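Participant: I have a structure here, written as structure tokens, and I will follow up with some questions on it.
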Amino acid sequence: MSDVHVKFNLANDNEGLEDDEIFLPPAPLLAGAHVSGLQSYHEIYANSINNSDEFWKTVASELHFEQGSSKGLEWNFDAKKGDIYCKFMDGAKTNISYNCLERNLKRGLGNKIAYIFEGNEPSDSSTITYSELHAQVVQFSAVLRSHGVKRGDVVALYLPMIPELAVAMLACARIGAMHSVVFAGFSAESLSARIVDAQCKVLVTADGMFRGQKSINLKTIANSAVKLAKSENVEVSSLIMVEHLKRVTVPEGSSLPKIDSTEIDAIYENEMEKCRNVESEVEWMDAESPLFLLYTSGSTGKPKGIQHTTAGYMTYAFATTKYTFDAQPDDIYWCTADCGWITGHTYLLYGPLLNGLQGIWFEGVPSYPNASRFWDVTDKYGVTKLYTSPTAARALMAMGDEFLAGTSRATLKVIGTVGEPINPAAWLWLYKKVGNSNVSIVDTYWQTETGGHMITCLPGATPMKPGAASMPMFGASPVLLDSEGRVIEGPGEGNLCFDRAWPGMMRGVFGDYERFVKTYFAPFGGYYFTGDGARRDEDGYLWITGRVDDLMNVSGHLLSTAEIESALVAHEKVAEAAVVAAPHDIKGSFPYAFVTLNVGERINPQLIAELKKMVREKIGALAVPDIIQEAPGLPKTRSGKVTRRILRKIAEGTESGIGDTTTLVDESVIKQLISGRSARA
Ligand code: WT7
């Protein structure tokens with residue numbers, strides 16, 4: 001897959017699309033929708049802005065608060081006026097885990113299936129009801145307590161997409177501990193950096209997992225992470241391991257990895273057994289108590305621990321799931337995301353459970369055992385709402401429509417996408433081929449930091465334009481600012497900001513208030529800055545144009561160019577490195593690295609392999625550059641700043657549009673880089 005690239009350009013990939021073609025929500029979706037028709041959307045939206053406290057408190061009134069509050073949203077986005085903050089229902093007490101579980105049991109949903117677990121192998125599936133999930137969560141919360149976890153502690157979770165991950169997240173929330181889920185594709189160094197940053201004492205992992213046919217030995221990675229953390233004076237005292245491999249079907253041609261034990265090990269199943277009948281009460285949390293940390297890439301290289309809190313995040317996850325997917329009691333809702341990302345947190349775990357939905361929790365990958373997997377699962381369970389990524393859509397589309405044959409997908413009503421802009425060709429494929437032209441597509445724009453959807457269509461309300469994120473979510477108030485910070489009214493393009501708080505927004509960067517302000521509020525005083533650019537068209541639709549900072553979006557995951565660069569320069573033969581995003585047919589973009597080697601060194605296949613390994617070990621496989629090109633020098637301004645704009649052009653393969661190069665120290669570097677493009681090893 002890594003060799004297909006530099007073909008599509010999001011801006012003009014309009015294949016098969018009439019100019020300005022607009023698609024209307026299917027009529028059956030309008031009837032009975034929570035928001036039916038565009039006019040209704042506009043009315044509710046206006047109310048959510050003009051009477052915001054009343055709007056949000058009406059939403060929150062569907063949830064359980066042990067103690068209420070007269071307060072609504074309070075915030076300050078202007079550092080000149082004092083500290084940046086946001087609060088929602090300050091003084092109230094609640095618990096999100098209680099709202100996901102006990103509240104649903106009280107509503108008579110105890111016997112409803114909360115999740116169907118679909119394993120890596122199609123033959124491995126199971127179900128769990130709301131009351132079974134509740135029982136396991138209570139039990140595991142007792143286990144955590146028996147390992148000394150208290151309110152306010154941070155617990156690291158490094159797990160495959162297995163039931164125990166849902167249980168562990170909800171168990172943390174039940175006792176007021178923050179979970180910090182680390183995607184099971186991250187390396188030992190990445191895991192350890194997150195453990196150290198939040199001083200985690202307990203790490204929950206599994207023996208291993210299969211992704212397609214590939215086995216991944218999570219325990220070995222966890223062991224190394226614990227050792228690395230110790231070298232930084234953070235001592236993990238309990239390593240709780242789920243014995244997942246014992247129960248899975250081993251894919252043909254694969255074998256089980258060997259699992260090494262350490263003296264801090266505890267086996268999940270044994271611990272659960274010990275706590276079988278132990279009482280473990282809900283902690284009533286303050287509205288603004290921290291709920292979880294989730295690390296995301298930062299421009300400076302060091303990942304940021306994005307901090308979300310209780311009442312606001314809960315209310316926003318509940319409302320956005322309800323409206324964006326038009327959640328209905330008989331839905332079979334499938335979000336294909338991994339819980340290692342915010343999409344898994346908000347739209348696989350919390351949002352669906354708060355809405356009492358039946359969800360599907362998927363351990364596998366779209367291409368295994370073959371590229372029909374998504375559609376087989378859709379038919380097998382009768383999925384009504386599917387939430388996935390443009391990358392998955394493009395990869396499946398590229399495999400050919402024969403993989404759709406033999407499945408009907410007739411139950412689908414809504415298909416959502418997230419993580420990156422969707423090009424019209426992939427949008428049309430989802431709409432026409434997957435959805436039989438009988439679905440609403442919701443292209444949801446949001447971020448780890450926003451907690452939930454900010455810009456999206458609503459399935460029973462918004463006429464759809466392929467490739468447009470479209471309209472603001474209730475309570476979200478986007479503005480476009482030019483580079484001087486002036487508001488762009490009407491049609492135009494600019495920096496995407498929000499001028500008011502919403503309940504689900506991040507409350508800080510863990511342990512780093514300065515960075516919180518500097519990243520999100522300093523660029524445009526008085527506004528939350530997303531780091532993205534956007535365009536507003538004549539109809540008021542918003543189109544996301546992509547990152548305007550040094551982050552790149554690969555398969556819907558944000559990566560920091562600085563973080564990859566520092567992994568590359570850690571190699572003894574590398575003097576300097578610059579990484580840029582280059583367009584990719586499937587992944588949207590891929591990391592393209594330019595490396596300047598020490599005198600006397602030349603690039604060769606072995607060195608490239610070593611450099612790739614370096615990035616894999618320091619960050620994870622998802623950050624490995626597809627192309628590493630030797631650069632005799634990097635284009636730099638007189639003040640020593642690398643001009644990425646030029647490198648991006650070279651990586652794209654376009655020589656035109658490189659623009660003015662007279663400010664560079666050494667213009668001849670560019671010619672060398674262009675000719676080196678074809679000579680890269
Ligand atoms: C960045 C946030 C939000 C969950 C997954 C990613 C990009 C996200 C869209 C979309 C265009 C999008 C933005 C954003 N992005 N959704 N629908 N259209 N771009 O979370 O890792 O925090 O990344 O993903 O660049 O800032 P994340």
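The values are calculated or read from the model by the stated rules, or taken from the named source; none is laboratory data. These numbers come from a predicted model, not from an experiment. Please note: Cβ atoms are built from the backbone with ideal geometry, for glycine as well, and neighbour counts cover all protein chains shown.
Participant: In the range 646-672, what residues are farther than 13 Å from A582 by Cβ, out of contact with any Pro (no Cβ under 7 Å at 6 or more places or on another chain) and not in a loop (DSSP other than H, G, I, E, B)?
Facilitator: Selection gives S668, K671.
Participant: Return the pairs, sorted by first residue and then second, in which the second residue is of a type outside the set (G, A, S) and more than 15 Å from the ligand (Cβ to nearest atom), the first residue lies in the range 431-448 and is touching a residue at least 24 places away in the same chain (Cβ under 8 Å) and part of a helix (DSSP H, G or I), the beta carbons are less than 7 Å apart, and the residues are 6+ apart or on different chains.
Facilitator: Y431/F23; Y431/V439; K433/D401; K433/L404; V434/L404; V434/R409
Participant: Quick check on my filter: what residues within the range 301-319 are buried (at least 24 other Cβ atoms within 10 Å of the Cβ), touching a strand residue (DSSP E or B) at 6+ places or on another chain (Cβ under 8 Å) and not in a strand (DSSP E or B)?
Facilitator: Selection gives T310, A311, G312, Y313, M314, T315.
Participant: Search the range 287-298 for residues that are under 18 Å from A156 (Cα atoms) and pair each with any residue that is within 16 Å of the ligand (Cβ to nearest atom) and assigned to a loop (DSSP other than H, G, I, E, B) when their beta-carbon atoms are under 7 Å apart and the residues are at least 6 apart or on different chains.
Facilitator: L293/F510; Y295/P303; T296/P303; S297/P303
Participant: Hey, does the range 534-544 have a residue that's small (G, A, S), under 20 Å from M471 (Cβ atoms) and not in a strand (DSSP E or B)? Walk me through how you get there before you give the answer.
Facilitator: Here is the first cut: in the range 534-544, the residues small (G, A, S) are 534, 540.
With under 20 Å from M471 (Cβ atoms) added as a condition, the list becomes 534, 540.
Those still in the list that are not in a strand (DSSP E or B) too: 540.
Yes, there is a match, as at least one residue in the range 534-544 is small (G, A, S), under 20 Å from M471 (Cβ atoms) and not in a strand (DSSP E or B).
Participant: So which of A534, A501 is at pLDDT 95 or above, more than 12 Å from the ligand (Cβ to nearest atom) and among the hydrophobic types (A, V, I, L, M, F, W, C)?
Facilitator: On the way: A534 fails: more than 12 Å from the ligand (Cβ to nearest atom).
Just one listed residue meets the conditions, A501.
Participant: Hey, any hits in the range 207-222 for a residue that's under 23 Å from the mean Cα position of the chain (by Cα) and over 30 Å from Y368 (Cα atoms)?
Facilitator: The answer is no; no qualifying residue exists.
Participant: With the range 62-146 as the region, which strands (runs of 3 or more DSSP E) entirely inside it contain at least 2 residues that are under 26 Å from the mean Cα position of the chain (by Cα) and aliphatic (A, V, I, L, M)?
Facilitator: On the way: elements: 73-76, 85-88, 113-118, 125-129.
It comes to 113-118.
Participant: Among the listed residues E489, E493, which satisfies the condition of being surrounded by fewer than 17 Cβ atoms within 10 Å (Cβ to Cβ), over 24 Å from K87 (Cα atoms) and within 16 Å of the ligand (Cβ to nearest atom)?
Facilitator: On the way: E489 fails: within 16 Å of the ligand (Cβ to nearest atom).
Only one candidate passes the filter, namely E493.
Participant: Hey, could you check the range 433-456 for residues that are among the charged types (D, E, K, R) and either closer than 24 Å to S36 by Cβ or near the ligand (Cβ under 9 Å from one of its atoms) (or both) and say which is nearest to the chain's Cα centre (by Cα)?
Facilitator: Going through the range 433-456, the residues among the charged types (D, E, K, R) turn out to be 433, 443, 449.
With either closer than 24 Å to S36 by Cβ or near the ligand (Cβ under 9 Å from one of its atoms) (or both) added as a condition, the list becomes 443, 449.
Values: D443: 14, E449: 10 Å.
Going through the qualifying residues, I end up with E449.
For (1) acidic (D, E); (2) within 18 Å of the chain's Cα centre (by Cα); (3) over 24 Å from A168 (Cα atoms); (4) within 14 Å of the ligand (Cβ to nearest atom), each residue gets a yes or a no:
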residue	(1), (2), (3), (4)
P303	no, yes, no, yes
Q307	no, yes, no, yes
G312	no, no, no, no
F325	no, yes, yes, no
D330	yes, no, yes, no
T336	no, yes, no, yes
T346	no, yes, no, yes
N355	no, no, no, no
G364	no, yes, no, no
